[in-house]
1. Please work out the FRET efficiency for the pair L371 and A268, using the Cβ-Cβ distance as r and a Förster radius of 25 Å; give the result to the nearest 0.05.
2. Could you tell me the center-to-center distance, by alpha carbons, between segment 168-189 and segment 338-376 in angstrom?
3. Check which residues have an amide H placed less than 5 Å from G207's amide H, if you skip close sequence neighbours.
4. For R237, project a label point 7 Å along Cα to C-beta. Then give me every residue of segment 115-137 with its amide nitrogen under 12 Å of that point.
5. Rule-of-thumb check for the chain: C-alpha Rg over 2.2 N^0.38 Å?
6. Which entries in K108/K132; K144/K322; K100/K228; K108/K216 show an alpha-carbon gap greater than 31 Å?
7. Tell me, what is the percent relative contact order of the chain, built from C-alpha pairs under 8 Å that lie six or more residues apart?
8. Under 13 Å from a label point 7 Å along Cα→Cβ of Y150: give me every residue in segment 51-73 with its amide N that close.
Amino acid sequence: MHALRCPAIGACRRQVLRALAVVMPLLTAHPAVAQQLSDSALVSILTCGTGNEMYSLYGHTAIRVYDPVNRWDYVFNYGVFDFSKPHFAFRFAKGLTDYKLDMEPFRKFMAIYQYNRRSVKEQVLALRSDEKQRIWTFLLENYKPENRIYRYNFFKDNCATRVRDVITRQLPVSFDGAGEELTYRQHSSRYQHILPWLDFGIWLILGLPADEVADKSGEMFLPDYLMKHIATAEIRRTDGAVRLVASTRMLYEPEPEAEKAYPYWPFAAGWLLLAVTVGLTVLQLRRQTMNFLIDYALLSLTGTAGVIMLLMMLFSEHPAVKANYNVVWAVPLNIVFAMAWAIKKWRPAIRPYWICLGAVMAFYLLCCRLLPQSFHPVTFLIAASILCRCVAISWRYRKM
């Protein structure tokens, strides 16, 4: 008995065989199988320019391994995260930010940055064959599924610090020169000015740890600073020291755009809030009648902000949001007091809260320099607005 043959099946089989004939050589040449670099291989650091989105404000760093003999040209990228995971915003706020190492073809990497008009600069490292092999082997091991995921920390463990650590742990590298002696908050704020409201929000969320002075190694959490320090670093071998960077070249630089002005809208909003508060307060005192709409707004906004900061301090795994002294002016109890003040019969009993709140705002405005944390200037305008209302209401109802 003979098996029946379908022409369609035969054609399909021939297509599969052709596809395998093309794919198999690629699979056998994949670095996961053949791990030995040739003597012509190059290892370099790629530093990418900043962008206009939140995740691209600070630039990016990656490692390129190019081997013309084996026809490998891969970029190892420690800055990959997954937006598609459920409850991404909640997980990010809680500090459950898992990033991973990605390995992608250099052409794909470059195409993305060219499309986004972000510069790419390459620093080719002056490494011996054994040193290149050491880095290559480490990266392949780190790329394994069980090793590639890590817990992201913006200041201490990100795409730039991971590249720094690969270099310092695999090579006897010494970084010369000194740091700029700026805090982590000051460093990051330099890059955030193009998104003013984001900059303001980050100032509020970051606590006392962000005011730690970043030393030479610490400031390398920013790709630009890592690139700067790598440019002057040395490899200290037994036979002498040599520059870590053999050559530097710009792989892609977009056409320069016209300089843009970035108005700092939080300042404008803060001054407007203070002006409206003072104006309404004077008007109400003259008419000897108080309307509390602006108070409900101030108390609700600052109370909500304070609750968010408090929850971040207590439950987030982000180290930089701990010990946040912004709760001095953004008092979490304000939101509870706003609801209680709306009940008229409770007002005589809870009126002293205005006096206490006013005293706290006065302390913040007069003695903020005694606190170990840096504060955004707009917060002083908000505190002054609250103080104005506290004084006016306490005076108006002093005999209540």
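Values in this text are rule-based calculations from the coordinates and carry no lab data. All values reported here derive from a predicted model rather than from experimental measurement. Don't worry about glycine lacking a Cβ; one is built from the backbone with ideal geometry, like all the others, and counts go over all protein chains shown.
1. Plugging the Cβ-Cβ distance into 1/(1 + (r/R0)^6) gives 0.45.
2. Taking the Cα centre of each part, segment 168-189 and segment 338-376 sit 41 Å apart.
3. Long-range HN contacts for G207: V321, K322.
4. 126-132, by backbone N distance to the label point.
5. So the Cα radius of gyration is 1.35 times the expected 2.2 N^0.38 Å.
6. From K108/K132; K144/K322; K100/K228; K108/K216, over 31 Å: K144/K322; K108/K216.
7. Value for the chain: 16 percent.
8. 61-63
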